[in-house]
Amino acid sequence: MLKGAISALVLPFKNGEIDEEAYREFIEWQIEQGIDGLVPCGTTGESATLTHEEHERAIKICIEQTKKRVPVIAGCGSNNTAEAIRLTQFAKKAGADCGLLISPYYNKPTQEGIFQHYSAVSKEASFPFLVYNVPGRTGSNITSDTMARLYHQIPDMIGVKEATGNLVQISNILEKTDKDFILLSGDDSTVLPTLALGGKGTISVTSNILPKKVHGLCKAWEDGNFKEAQRLHFYLEPLNRAMFIESNPIPVKTALALMGKVDGELRLPLCHMQESTLAVLKKVMQDMKLI
């Protein structure tokens, strides 16, 4: 079962190309630090600017380097249903443990269109997947009723990365599903309250930087050590906020560059941080003794 701290991996670039050596080293460090799972080719991995070849290569490298030590949840969503089917079929063939499929962005489909999109992927690919609900990126929200319908009517749909930060919606989803439903927080500031409602963990941006701490928060909750989980929640909050002072993954990639983990190279239309927000990020990292 997918649970705990799962990193939405950054994808290092060097001179416009995937930096395979840095990527493999980063994956290895994540596993050494106790991460519970990895997501290649999500938003944090700049998937929107990858070619088809690069997308497949990034997933392959992650699967190869991980060697089944932790689950690999391959990002394989698209606003084009046929493309989502192709990417999901590839993730299955490559040996990922499941897929992560963002709801169709830009198109703004109805709730029925969202349901039919995932039904078509399941029918053609037949591979377990998590829905990724992030209205701030897609322009449409998957309601709790639609989420429950997807879960109860599509066997391949095993859960959701819920990135609304809306605890009422999270509660409603969990109320309308069952104990096997895998609800993972997609918003770093709501990991603890999501766990308290019955969520299984998080697909995290912050865990790129502090995998051991985010894992520790989830593990403390699982072990019934609620005070430690609360302590880690508040410890991580300044960094959680800093990760979104500019569009993700600009701050997290910049932070990792400051730590010497990856190059800070981004692909347009993403660009380097403004001096004012960079100063805020550096101050948070200095206060936490990360740099």
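The values are calculated or read from the model by the stated rules, or taken from the named source; none is laboratory data. If you're wondering where the values come from, they're calculated on a predicted model, not measured in any experiment. No Cβ is skipped: glycine too gets one built from the backbone with ideal geometry, and neighbour counts run over all protein chains shown. To get the accessible areas, we keep the full protein, side chains included, count just its heavy atoms, and leave off ligands, DNA and RNA. Shrake-Rupley method; radii C 1.70, N 1.55, O 1.52, S 1.80 Å.
Note on the range 174-221: semi-axes of the ellipsoid equivalent to its C-alpha gyration tensor, largest first and rounded to whole Å, are 20, 10, 8.
Per the Debye calculation on the range 35-85 with a single equal scatterer at every Cα and no solvent contribution, log₁₀ I(q)/I(0) for q = 0.18 Å⁻¹ amounts to -0.56. Of the accessible area of the range 160-274, computed with a 1.4 Å probe over protein heavy atoms only, carbon and sulfur atoms account for 53 percent. Take the Cα radius of gyration of the range 236-291 and divide it by 2.2 N^0.38 Å, N being the number of residues; the result is 1.02. Solvent exposure of the chain, expressed per residue, is 42 Å² of accessible area, with all protein chains present and a 1.4 angstrom probe. Compared with the direct C-alpha span, the chain from Tyr235 to Leu268 gains 8.6 nm at full extension, assuming 0.36 nm per residue. Here is the list for the range 28-106: trypsin sites (Lys or Arg not before Pro) lying in DSSP coil, each with at most 14 other C-beta atoms within 10 angstrom of its C-beta, are Lys67, Lys68, Arg69. The mean of 1/r over all pairs of different alpha-carbon atoms in the range 178-291, once inverted, gives a Kirkwood hydrodynamic radius of 14.8 Å. Which percent, nearest 5, of DSSP beta bridges in the chain are antiparallel? That works out to approximately 5 percent antiparallel. Given in Å, the Rg to one decimal and the Dmax to the nearest whole number for the Cα atoms of the chain are 17.7, 50.
With viscosity set to 0.692 mPa s at 37 °C, what whole-number translational diffusion coefficient in µm²/s follows for the range 150-238 from Stokes-Einstein and a Kirkwood radius over Cα pairs?
247 µm²/s
Measure up Lys14/Lys213; Lys68/Lys108; Lys93/Lys213; Lys93/Lys212; Lys67/Lys93 against 26 Å on the Cα-Cα distance and list the ones that go over. Distance filter (> 26 Å) returns Lys14/Lys213; Lys68/Lys108; Lys93/Lys213; Lys93/Lys212. Per the Debye formula on identical point scatterers at the alpha carbon atoms of the range 206-268, with no solvent, log10 I(q)/I(0) at q = 0.16, 0.23, 0.27 Å⁻¹ is -0.57, -0.91, -1.07. Expressed as a whole percent, the accessible surface of the range 1-53 that belongs to carbon and sulfur atoms is 45, based on a 1.4 Å probe.
Mean projection of the alpha-carbon convex hull of the range 66-204 over all orientations, in nm²?
Averaged projected hull area, Cα only: 7.7 nm².
Estimated from helices alone, the mean residue ellipticity of the chain at 222 nm is -14500 deg cm²/dmol (sum of -39500 (n - 2.57) over DSSP H runs with n ≥ 4, per residue).
Can you tell me, using C-alpha contacts under 8 Å and at least 6 residues apart, the relative contact order of the chain as a whole percent? 19 percent. Inter-part distance, the range 10-39 to the range 92-154, computed on C-alpha centroids, equals 26 Å. In plain terms, the chain from Trp29 to Glu17 could stretch by 2.2 nm, reckoned as 0.36 nm per residue minus the Cα-Cα distance. The P(r) of the range 1-75 has a tail past 16 Å containing 42 percent of all C-alpha pairs.
Sites listed here are trypsin sites (Lys or Arg not before Pro) in the range 226-291 whose DSSP assignment is loop and whose Cβ has at most 13 other Cβ atoms within 10 Å: Arg267, Lys289.
Could you tally the net charge around Glu25, taking each other residue with its Cβ under 13 Å from the Cβ of Glu25, Lys/Arg +1 and Asp/Glu -1? Residues close to Glu25 contribute a combined charge of -3.
3J(HN,Hα) along the range 108-121: 6, x, 6, 4, 5, x, 4, 4, 5, 4, 5, 4, 5, 4 Hz, from the Karplus curve 6.51 cos²θ - 1.76 cosθ + 1.60 with θ = phi - 60°, whole Hz, x for Gly and Pro. Residues whose amide H lies under 5 Å from that of Gly37, counting only those 5 or more places away or on a different chain, are Ser7; hydrogens are built 1.01 Å from N in the peptide plane.
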